[in-house]
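First the structure, in the form of structure tokens, and then the observations on it.
Please treat every number below as a calculation from the coordinates, not as lab data. Since this is a predicted model, take the numbers as computed values, not measurements. Positions of Cβ are backbone-derived with ideal geometry, glycine not excepted, and every protein chain shown enters the neighbour counts.
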């Protein structure tokens, strides 16, 4: 009997020790996840801020070349100020997304969101041989965190542009809705995505932009689409892509008209 009791005590002691070790591993995993979130946030912020720094540099160069045009300079300074404000909001937004924090949703015009994205890009796509088409009804309203959806659109638009360089093509941004959802579509007539890459394109740090046929300047960081996926999921929606080599790509975002409160 004493031997059985001793064995039970031994088992209880080993079990308690294993539970302590398991708790320690869980704590360590939580800390590691926090560091991973911080790393993701840093990459996302760098990626998004770079998207805004490029047009800011264009604004500054435009002002320098036309230093006597006071009206133009005033317009450039206004755009620069607004983009700096957006950059501040983006940093807050990216950290919130990476850390799972919530932000307040607003009811906004989809048309205004799209227009502001193209204004922020400050790029004449015609110079790249790209025709831009938009089909966004003036009266379509959506409830979302505006700065996050704008950064999502900016990522998809820039990816579409890159996919059509250097030959050019057609970029289309469209929206529609049904009873429960708002749909955002960004399509291009670019190179398309191989079937073997489709399932991986939303994975952090996976990129299709590096390769022998891709100039170094167009190499991607692999965080843009991962960020898009996180934003869409935080809004209670989903994102998908329809693409094939040589046939272009269409990214489709479906967002609920009444998204869950981000907590």
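I need the calculated FRET efficiency for the pair residue 179 and residue 74, taking r as the beta carbon distance and R₀ as 51 Å, to the nearest 0.05.
In this case the efficiency is close to 0.65.
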Revision key, fill the gap. So residue 64 and residue 133, fully extended at 0.36 nm per residue minus their Cα-Cα distance, gain in nm 21.7 nm
Point to revise | Gained length - residue 107 relative to residue 199, 0.36 nm times residue gap less alpha-carbon distance | key: 29.9 nm
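How much length is gained on full extension from residue 57 to residue 124, taking 0.36 nm per residue of separation minus their Cα-Cα distance? Kindly include the intermediate steps, with their values, before the conclusion.
Values: separation 67, 0.36 × 67 = 24.12 nm, distance 1.46 nm.
Length gained, residue 57 through residue 124: 22.7 nm.
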Exercise for review: Rank-order 180-189, 146-155 by packing density, defined as the average count of other C-beta atoms within 10 Å over each peptide's residues, highest first.
Suggested key: 146-155, 180-189
Review point. By per-residue mean of other Cβ atoms within 10 Å, what is the highest-first order of 77-89, 167-179?
Key: 167-179, 77-89
